[in-house]
Amino acid sequence: MANIAIMGFGTVGAGVAKVLEMNGASMAARLEEPLHLKYILDVRDFDQSPYADRMIKDFSIIENDPEVEVVVETIGGKGVALDFTRRCLQAGKHVVTSNKELVATHGKELLAIARARNVNYLFEASVGGGIPLLRPMYECLAANEIEEIIGILNGTTNYILTRMVQDEIAFSTALQEAQGMGYAERDPAADVEGLDACRKICILSDLAFGREVLPDEVSTEGISGIHLKDVDIAAAAGYRIKLLGRAIRLPEGRQTAYVAPHLVREDCPLAGVDGVFNAVMLRGNAVGDVLFYGRGAGDLPTASAVLSDVMDAIAHRSKRRNLDWSQSAQMVSASELPMSWYLRGAFSAGDARAVCGPVTLLGDGAVITPPMTAAKAREAAEKLGAAAMLHVL
Ligand code: HSE
């Protein structure tokens, strides 16, 4: 029998208990041993919960119980979650988490402790919710050099954009709905301003390129500056607006990453990804393009990913996953890469051509420029008096 503990009984932690309840028997059959949820740690009282008999408030009970082999950290943030994770790993316990903030900022240190103690620190649920993404990337695509990653990485913003476009629901109403369904972060600004997507592209980049990229090295723009007018112009011209995280391998060991809203052509698979769904496109130098798609947030999808890691840790007790990004990345600012841009304003097509070169006209005073750096695009936008400027994929 394998004993596990959950730290943090919020949306994801409670989802883990629920999926264990639902599927514990089939999981035990696959593992050839039962899983036993021994403790649930939370500062709050859950007297009426069916799990009341195993609720605890004292972390040291988990830390000092040699029977607990795997600890699920679903507390979130970098406060006690960091301290407890360090101590669990140091106590020789595997730790499984959905905490993208912690993995993106302290993954390097926590993986080093796990390595020293010969245990695993696993975080499939930290990116893409329930989508099997990280393990397929580091296992099934291990024979590739990953060249590029592009993804819709935040369910809340994708839900908001979809509701605004398809149902003409106001931004704040759509956000409230996403909060009600347990998709949004405690501070929804982390979703809306792109920080959550930024943490996730950092983790993907760390794993894909084996070098540490910290969130403050990644230029990040959210969806709060998007005007409905641009959503409408884009839709009429055959584009959708999506918040994308992107990481690119560059020559000479360099790399870049950024998060920003993009116009995406309707024939791109990412354009049709709606609601809470996430999708990630990877390009490997042997396999070519691969697309991952599924629910990016929510209790049960995220718990599905958490428990796949729990099972992995138990099935391979004495075998460590070789995950590592101990060296720093050589980052290049994404603003140095030539890209196409959407500009909208009260300028004529002739003016746009004179300033930007051969533009594509979208109608309603909007154009798409030929590829140019962000600095050149900003210069052009200023000359033309543009009211909106967005990336184009
Ligand atoms: N707030 C996150 C999202 C939760 O909306 O995608 C899943 O990481």
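Considering segment 87-130, the residues that are in a loop (DSSP other than H, G, I, E, B) and under 14 Å from residue 206 (Cα atoms) include one that is nearest to the chain's Cα centre (by Cα), namely 127. Scanning segment 143-155 for residues that are without any contact (Cβ under 8 Å) to a residue 24 or more places away in the chain, away from the ligand (no atom under 16 Å from the Cβ), aliphatic (A, V, I, L, M) and surrounded by fewer than 16 Cβ atoms within 10 Å (Cβ to Cβ) turns up nothing. Residues that are at pLDDT below 95 and basic (Lys, Arg) are absent from segment 268-288.
Taken together, the residues in segment 34-48 that are part of a loop (DSSP other than H, G, I, E, B) and in contact (Cβ under 8 Å) with a residue 24 or more places away in the chain amount to 4.
Here's the yes/no breakdown for (1) touching a strand residue (DSSP E or B) at 6+ places or on another chain (Cβ under 7 Å); (2) part of a loop (DSSP other than H, G, I, E, B):
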site: 166; (1), (2): no, no
site: 185; (1), (2): no, yes
site: 199; (1), (2): no, no
site: 204; (1), (2): yes, no
site: 225; (1), (2): no, yes
site: 229; (1), (2): no, no
site: 248; (1), (2): yes, no
site: 252; (1), (2): no, yes
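Residue 259 satisfies every condition listed in (1) closer than 28 Å to residue 364 by Cβ; (2) more than 16 Å from the ligand (Cβ to nearest atom); (3) among the hydrophobic types (A, V, I, L, M, F, W, C) except (2). Residues that are within 12 Å of the ligand (Cβ to nearest atom), within 22 Å of residue 272 (Cα to Cα) and in contact (Cβ under 8 Å) with a residue 60 or more places away in the chain within segment 165-183 comprise 178, 181, 183, listed in sequence order.
Let's see how each residue does on (1) within 16 Å of the ligand (Cβ to nearest atom); (2) at pLDDT below 95; (3) among the acidic types (Asp, Glu); (4) touching a Cys at 6+ places or on another chain (Cβ under 7 Å):
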| position | (1), (2), (3), (4) |
| --- | --- |
| 56 | no, no, no, no |
| 63 | no, no, yes, yes |
| 66 | no, no, no, no |
| 70 | no, no, no, no |
| 105 | yes, no, no, no |
| 109 | no, no, yes, no |
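Only residues that are in contact with a helix residue (DSSP H, G or I) (Cβ under 8 Å, 6 or more places away or on another chain) and away from the ligand (no atom under 16 Å from the Cβ) were counted across segment 184-206, and they come to 1. Selection over segment 1-39 of residues that are out of contact with any helix residue (DSSP H, G or I) (no Cβ under 9 Å at 6 or more places or on another chain) and polar (S, T, N, Q) gives a count of 2. Across segment 180-189, not a single residue is classified as modelled with pLDDT of 95 or more and surrounded by fewer than 24 Cβ atoms within 10 Å (Cβ to Cβ). If you go through segment 33-53 and keep only what is among the charged types (D, E, K, R), surrounded by 17 or more Cβ atoms within 10 Å (Cβ to Cβ) and either at pLDDT below 95 or closer than 20 Å to residue 311 by Cβ (or both), you end up with just 38.
Applying a threshold of 8 Å to beta carbon distances and a minimum spacing of six or more residues, or different chains, the list of pairs starting in segment 273-302 at a residue that is aromatic (Phe, Trp, Tyr) and ending at one that is within 10 Å of the ligand (Cβ to nearest atom) and not in a strand (DSSP E or B) reads 277/155; 277/158; 277/296; 292/128. If only residues of segment 168-183 that are in contact with a helix residue (DSSP H, G or I) (Cβ under 6 Å, 6 or more places away or on another chain) and outside any helix (DSSP H, G or I) are counted, the one that is farthest from residue 234 (Cα to Cα) is 182.
What do you reckon, is residue 133 under 20 Å from the mean Cα position of the chain (by Cα), buried (at least 17 other Cβ atoms within 10 Å of the Cβ) and more than 16 Å from the ligand (Cβ to nearest atom)? It is false that residue 133 is under 20 Å from the mean Cα position of the chain (by Cα), buried (at least 17 other Cβ atoms within 10 Å of the Cβ) and more than 16 Å from the ligand (Cβ to nearest atom). When segment 222-241 is limited to residues that are charged (D, E, K, R) and buried (at least 18 other Cβ atoms within 10 Å of the Cβ), the one that is modelled with the highest pLDDT turns out to be 240. Looking at residue 29, is it assigned to a helix (DSSP H, G or I) and in contact with a Cys (Cβ under 6 Å, 6 or more places away or on another chain)? No.
The values are calculated or read from the model by the stated rules, or taken from the named source; none is laboratory data. All values derive from a computational prediction rather than experimental measurement. As a convention, Cβ positions derive from the backbone with ideal geometry for all residues, glycine included, and neighbour counts pool all protein chains shown.
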